[in-house]
Amino acid sequence: MTRNTSFSFRLYVAGNTHNSAQAIANLAALCRTHLPGRHKIDVIDVFRNPKRALADGVFMTPTLVKLAPLPVQKIVGTLSQTETVLQVLGLEAAIA
Amino acid sequence: MKSSSPLRTKAARKASTGIAGLDEITGGGLPRGRTTLLVGGPGSGKTILALQFLAHGARTRKESAIFVAFEETSKRILANAASFGWNLTDLQRKKKLYFMDAQPLPDLVRSGDFDLGGMLAALDAQIKSMGARRIVFDALDVVLALLPDALAKQREMYRLHEWLLKRELTGIITLKSGGDETHSVNPQPFGFMQFMVDCAVILNHSVALGVSQRSMRVQKYRGTSFDENESPFLIGNRGFEVAIAHTLSRVEFKVNDERVSSGVARLDTMLGGGYYRGASVLITGFSGTAKTTLSGAFAEAACRRGERTLFVCFDSNSTEVIRNLASVGIRLDRHLKNGRLRMISARVITGSAETYLVRIKALAEEHRARCVVIDPVSAWSKSGNDLTAQSVADRLIDWSKGDGTTLVCTSLLDEMSGQVENGSPLQISSLADTWIHLNYLMQAGERNRGLSIVKSRGTAHSNQVRELILSDTGVTLADTYTAGGEVLMGTLRWEKERAERVAHETAETVATLNRVRLDAEEAELEVRLKSLQVELVAKQVEKALLVRTTQSDKGELSRGHTRIGELRGADTVKPGRK
C-alpha cells in the first residue's frame, strides 16, 4: 500500500443519535490526521434510508464500511478506539 | 386454540401460538402487542417454538411475521424446519413471512459503542411494507455479547422493548441460558429483560437416567392467570407438543351408554354387556396370565365390528403377537391386511414416556382409531420415567376419553414385589373405568388362570372369580366351584363337574325306576278297580233278582191260601188274623 492510496468509506448512522454523531466526528478526525486529501466519506442515515440498510445488511449503527482499497472491511461502533481502527485499515505504520 | 366461550374475551388480548398445550397453559396464547421472553439452554427448542408461533400466525391468523435471525442463518433455519410441514417457503413467497439475516460476521471489528438503531429502522421499513404483526428476535444474546458494557446491553434491551411496544407488535425474544443451568437464567444481563417483559417462558432439557426429558414453564405472565407448573413437551414431527394434565379443569367428556364387546362373550355377560364405548380398561396380572390374549380378543372383536383399531405392543414384536394370538383362535392377520388394524411394535420408539404418549396419539389420530390397545402400559415406567410415567398415564386416559376412544391397557405386575391387588405400578387403576385382574391359582399341581373384575364403573358386574380358559378355538370363561372355602379350577373343577354329572345321572335313573314302578302299581290298581266294579254290578243284579223272586212267592202264597179257603168253603178271614 502506497502513501498515495485513496480511501473510500461509507458510514451508516442512525440520525443524530449520540453514537452516530461521535462516529462521524471520530472518522473525520482520523481522516484529517492520517489520510489528508486522499479519502472520500459517504454518510448514510438509516432513518432516512431504511431500505438501504436492509439491502446492505447493516443492523448495528454506526457501521463503517471501507470500500477501497480492497478488501472491503466493516467496523462497528463509534470508532473511539483509534488504534483498533487504524489496525483494521492497515494504517498502524502511520502512528509509528 | 379454538377457544371455548369463557376464553373468548381473553383470547382477543392473546395471540395463539398454534401449540395447543401452550395456549392452554397461558389461557389463549402469548400477550398480544407485548413482548415474551423465551429462555432455554442450547437445543432446548427456542427457535422452533418461536418459528411455530410465527408460522401459525401467518397461516391461520393472517398476521404476517418477521423472523430476525442473529445466530443461525435463515437458510439453515428453513432447512431444519422443513420437516415440520409448515410450508414456510410458501409463506415467504406470499410475503407473509420474512427472514432477516442479522448474524454478526465472525470477523466483525468493533470499536466503541454502537446500537441497534440501524436494524430497527430497517425493520420499520419492512413492517410497513408487509403489515407485520408478529416478530421474533432469535438469540438476542449474540448481539448483546458484542456490546461493550452492561449499561449498553441494558440500553439496547430497553430500546428494543420500547420499540416493540410502540408498534404494538407481538414479539418473542429468545435468549440462551447457560449450559445445564435449567431453572435459572444467567443473572445478568438477562434478569433485567425478565423484569421488563410481560411474559417469560423457560424451556428445560434434562436427562434422567439416560432418557431425555423436555419441559417448559411459564415463569411470569402479567395480568393473567396461568398454569405455573412445569409441563413436559416434545418436539414431534409437526413441531411442539406440550402435554397438559388438565389439572385445572378436567375436561368434560361426552358420556356414552353404548357397549362394546370385550371379545369374550362370557366376559361381556359378567360386565353386563361389555365395556362402555370410550371407557378405559385396565387389565393387570403377572407375566403369562393372558393379558395380551384378552386384549387381542378385544382388538379382534373391534375389527370384526369394522372399527379401526391400533394395537401397540411393547414387549414383543407385532408378528410374534399375531402368531401367538392365532394359537388361541384370535386371528388378527386378516384385519391387518384389510387395514382396519394397525400394529406397532413400540420397542422401536425410544425416549421418554412423553414420547410414547405423543407417538401413540399421533398414530391413533393418523389411523383414525376408535379402539386402542396398549400392551403393556407399565413399560412406560421403566428407565428414568418413574416420575413422568404417572402423569403420562393420566393424560393418556384423559386423551382417550376426550376423543371417545375405547382404550384397553394391560399392566404387568411384578411377581417379586408382591403387589397383588393393591395397585398397579402405575396408579392408573383409580382412573380406569374397568379393572380386570388376572391371577394364577396354584392347586393340586396345576396353575390355572383366574379372572375377576375388580371394578367396573357404571355397570353391574359379577363379583365371582372365573376361570379363564384358552384353547385353539378361542377364549372363554368357566364357572368355578367353591368347595370348603377354596375355588376349584382346572382338573379339580373338571373332577367336580364329572362327579356332579355322575350323581345327576344316578338320581335320574332312580327316578325313572320309581316312576315305572308306580306306573305299574297304578295300572294294577286300575285293573282291580275295574273287576271289582264288574263284580259289584253282578251282585246288584243278583240282589234285584232275589227281591223280585221273594215278592212273587209271597203273592203266590196268599193267593194259594185264598184258593184253599174257597175250595174248603171256609169263613172269610182276613189273612193277618190268625
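Restricting the range B:55-67 to residues that are more than 20 Å from B:Thr174 (Cα to Cα) and part of a helix (DSSP H, G or I), the residue that is least open to solvent (accessible area, probe 1.4 Å) is B:Thr60.
Tallying residues that are over 20 Å from B:Pro31 (Cα atoms) and either assigned to a loop (DSSP other than H, G, I, E, B) or within 11 Å of chain A (Cβ to nearest Cβ) (or both) within the range B:117-138 yields 12. Of the helices (runs of 4 or more DSSP H) lying entirely inside the range A:8-96, those containing at least 2 residues that are touching a Ser or Thr at 6+ places or on another chain (Cβ under 9 Å) and more than 9 Å from every other protein chain (Cβ to nearest Cβ) span A:18-34, A:92-95. Residue count for the range B:282-296 satisfying the condition of being surrounded by fewer than 24 Cβ atoms within 10 Å (Cβ to Cβ) and within 25 Å of B:Gly458 (Cβ to Cβ): 0.
Using the structure shown, decide if B:Val465 is among the hydrophobic types (A, V, I, L, M, F, W, C) and under 37 Å from the mean Cα position of the chain (by Cα). Yes, satisfied. Filtering B:Arg155, B:Arg159, B:Arg134, B:Arg110 for residues that are under 21 Å from B:Arg34 (Cα atoms) and touching a Gly at 6+ places or on another chain (Cβ under 6 Å) leaves a single hit, B:Arg134. You will find that of A:Ala14, A:Ala29, A:Ala55, A:Ala93, the residue that is at pLDDT 85 or above, among the aliphatic types (A, V, I, L, M) and surrounded by fewer than 17 Cβ atoms within 10 Å (Cβ to Cβ) is A:Ala29 and no other. Among the residues of the range B:68-81, those identified as surrounded by 15 or more Cβ atoms within 10 Å (Cβ to Cβ) and within 14 Å of another protein chain (Cβ to nearest Cβ) are B:Val68, B:Ala69, B:Phe70, B:Glu71, B:Ser74. For B:Leu310, are the conditions met, namely being closer than 22 Å to B:Trp435 by Cα and either modelled with pLDDT of 85 or more or open to solvent by 10 Å² or more (accessible area, probe 1.4 Å) (or both)? Yes: the conditions hold for B:Leu310. Every residue in the range A:74-90 that is without any contact (Cβ under 8 Å) to a residue 40 or more places away in the chain, surrounded by 16 or more Cβ atoms within 10 Å (Cβ to Cβ) and either among the aliphatic types (A, V, I, L, M) or closer than 15 Å to B:Asp107 by Cβ (or both), please. Of everything in the range A:74-90, those that are without any contact (Cβ under 8 Å) to a residue 40 or more places away in the chain, surrounded by 16 or more Cβ atoms within 10 Å (Cβ to Cβ) and either among the aliphatic types (A, V, I, L, M) or closer than 15 Å to B:Asp107 by Cβ (or both) turn out to be A:Lys74, A:Ile75, A:Val76, A:Thr84, A:Val88.
The residue pairs whose first member lies in the range B:375-390 and is modelled with pLDDT under 60, whose second member is in a helix (DSSP H, G or I), and whose beta carbons are closer than 6 Å, counting only pairs six or more residues apart or on different chains, are B:Asn385/B:Ala353.
Please indicate, with yes or no, whether at least one residue in the range B:48-63 is touching a strand residue (DSSP E or B) at 6+ places or on another chain (Cβ under 9 Å), away from every other protein chain (no Cβ under 14 Å) and among the polar types (S, T, N, Q). Taking every residue of the range B:48-63 in turn, at least one turns out to be touching a strand residue (DSSP E or B) at 6+ places or on another chain (Cβ under 9 Å), away from every other protein chain (no Cβ under 14 Å) and among the polar types (S, T, N, Q). For B:Arg238, are the conditions met, namely being surrounded by fewer than 22 Cβ atoms within 10 Å (Cβ to Cβ), modelled with pLDDT of 75 or more, outside the structural domain of B:Ser177 (by TED's automatic domain parsing) and of a type outside the set (Phe, Trp, Tyr)? Considered against the rule, which asks whether it is surrounded by fewer than 22 Cβ atoms within 10 Å (Cβ to Cβ), modelled with pLDDT of 75 or more, outside the structural domain of B:Ser177 (by TED's automatic domain parsing) and of a type outside the set (Phe, Trp, Tyr), B:Arg238 comes out as no.
Those strands (runs of 3 or more DSSP E) of the range B:435-527 that lie entirely within it include none in which at least 3 residues are touching a Cys at 6+ places or on another chain (Cβ under 9 Å) and either modelled with pLDDT under 80 or open to solvent by less than 50 Å² (accessible area, probe 1.4 Å) (or both). Of the listed requirements (1) in a helix (DSSP H, G or I); (2) buried (at least 22 other Cβ atoms within 10 Å of the Cβ), B:Arg359 misses just one: (2). Return the residue satisfying two criteria in turn: it lies in the range B:82-116 and is part of a helix (DSSP H, G or I) and free of Cβ contacts under 8 Å to residues at least 40 places away in the same chain, and of such residues it is nearest to the other protein chains (Cβ to nearest Cβ). Across the range B:82-116, the extreme among qualifying residues is B:Gln92.
Here A:Ala68 meets the list (1) open to solvent by 50 Å² or more (accessible area, probe 1.4 Å); (2) under 12 Å from the mean Cα position of the chain (by Cα); (3) farther than 24 Å from A:His18 by Cα almost entirely, failing just condition (1). Within the range B:298-320, being in contact with a Leu (Cβ under 8 Å, 6 or more places away or on another chain) and in a helix (DSSP H, G or I) holds for B:Ala299, B:Glu300, B:Cys303.
The values are calculated or read from the model by the stated rules, or taken from the named source; none is laboratory data. The shown structure was predicted, so the numbers you read here are calculated from the model rather than taken from an experiment. Cβ: placed from backbone, ideal geometry, glycine included. Neighbour counts: every protein chain shown. SASA here: full protein model, heavy atoms, side chains in, ligands and nucleic acids out. Shrake-Rupley method; radii C 1.70, N 1.55, O 1.52, S 1.80 Å.
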